[in-house]
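The structure appears below as structure tokens.
Computed from the coordinates by the stated procedures, all read-outs in this text should not be read as laboratory data. Values in this document were obtained by computation on a predicted structure and should not be read as measured data. Every residue, glycine as well, gets a Cβ built from its backbone with ideal geometry; the counts of neighbours run over all protein chains shown.
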Amino acid sequence: MKPSGPSIRRQPMRSIAAALFTLLAAGTAGVHAQDYPSRPMRIIVPYGAGGSSDAPMRVIAAELSKQMGQQMLVENRPGQGAMLGSEVAAKAPADGYTLLLASNPNAISATLYSKLSFDPIDDFAPISLLGREQGVLLVHPSFPAKNIREFISVVREQPGKIDYGSSGNGSAQHLFTAMFASMAGLKMVHVPYKGSPQVTADLLGGQIKVALPGLAQMMSPIRDGRLRPMAVTGAARSSLLPDVPTMAESGLKGYEAYVWMGMLAPRGTPAPIIDRLNREMLASLKTPGVRSFMSNAAIEQIGSTPAEFGAFYRAERDLWARIIREVGAKIE
């Protein structure tokens, strides 16, 4: 039996309606992108004011304000290992007026936390990877090792008896050291602190002998001999410590880790707005003020496309998920 006339016409009408809706939505997004930004914007920094991520973000935000003709407000929302501020950003309207400064904890948290009300990866749209900083494996001067080979020998002679500090369970400092220990076949004891300042204080005081913080903040005690650098974590040596080898040069082939910073927007932010933000951020990285600040802070400027940052972000999640499984780290 042939279908009746009305049912034959219904499907084309649905298709036409769907096509019109798609065109209307695309046109609306284009209008929004042309008017954007028409009011002040905010960048959520999920860390305290004055920290190693907050300071460069404020310099970049000042340049973005000039370029985009709107005030760029930096809003600190620390807590829960960067998840408090990240949640606020994830649940904000996807209109380009709320952005998130992301770093290692955002990729790490996707595996570390068993219960979150949002997805740290999939609930965001990547904009750009802005920069990265090397870590440095440090020991107190009383520790009997002058290089990585000696360090490994000392720890192997005392399995499970050498402590290392970190800024918290599942932090970059924790996982950078755990990856080093795994690749070197070492058994060390993790001592988690509530932030980097406490780690630094106890490392300088000799209460702990080993830590792996970001490089820039440790240059003063390294230069005056209060701490001894073993190796840096990047693919190449740091210009700040040209005589200190990389982990790979020291025998751990394939070891590479950075403290990084990038910009995200809530998922669903229109592509034209993402593209505009990407262009403006890449331009801000080229300004003299930002270049000077980043160089002095030992932050290597990157500047990437949204697609490149998205691929990097997921690769970071996968890398640290493996290390988290190895060390058994988890936060409820």
Over the stretch 210-304, how many percent of alpha carbon pairs lie in each 5 Å bin up to the one with the longest distance? 2, 11, 17, 18, 15, 13, 10, 7, 4, 1, 0
If you take every DSSP beta bridge whose two residues both sit in the stretch 137-232, what share of them, in percent to the nearest 5, is antiparallel? 50
At 1.567 mPa s and 4 °C, Stokes diffusion of the stretch 137-232 via Kirkwood alpha-carbon radius, µm² per second: 99
Label the stretch 30-77 by shape, choosing from rounded, prolate and oblate, from the square roots a ≥ b ≥ c of the eigenvalues of the Cα gyration tensor; if a/c is under 1.5 it is rounded, and otherwise prolate applies when a/b is larger than b/c, oblate when it is not. prolate
Only Lys, Arg, Asp and Glu count, each charged at its Cβ (+1, +1, -1, -1), so figure out the dipole size of the chain about its Cα centre, rounded to 20 debye. 580
Most fluctuating residue of 117, 65, 109 in a GNM of the chain with Cα springs under 10 Å: which is it? 117
Taking only complete DSSP H runs, can you tell me which helices of the chain stretch 15 Å or more along their own long axis by Cα positions and average at least 1.6 on the Kyte-Doolittle scale? none
What percentage of all Cα-Cα pairs in the stretch 72-184 are separated by more than 26 Å? 37
Project the alpha carbons of the stretch 183-260 onto their principal axes and report the range along each, largest first, in whole Å. 31, 30, 24
Taking trypsin sites (Lys or Arg not before Pro) as exposed when in a DSSP loop with at most 16 other Cβ atoms inside 10 Å, the chain has its longest clean stretch at 1-90
Counting alpha carbon pairs within less than 8 Å and at least 6 residues apart, what relative contact order, in whole percent, applies to the chain? 26
In nm, what is the difference between 0.36 nm times the number of residues separating residue 115 and residue 158 and their Cα-Cα distance? 11.8 nm
Can you say what percent of the DSSP beta bridges in the chain, counting only those with both residues inside, are antiparallel? Round to 5. 60
Can you check what the Kirkwood hydrodynamic radius comes to for the chain, Cα pairs only, in Å to one decimal? 21.6
Say we join alpha carbon atoms closer than 10 Å with springs in a Gaussian network model of the chain; which of 52, 142, 304 then has the biggest fluctuation? 142
What whole number of Å gives the distance from the Cα centroid of the stretch 61-127 to the Cα centroid of the stretch 219-286? 19
Computed, not fitted: 222 nm per-residue ellipticity of the chain from DSSP H runs ≥ 4 (each -39500 (n - 2.57)), nearest 500, equal to -14000 deg cm²/dmol
Residue 225: net charge of surrounding residues, Cβ under 15 Å, Lys/Arg +1, Asp/Glu -1, itself excluded? +2
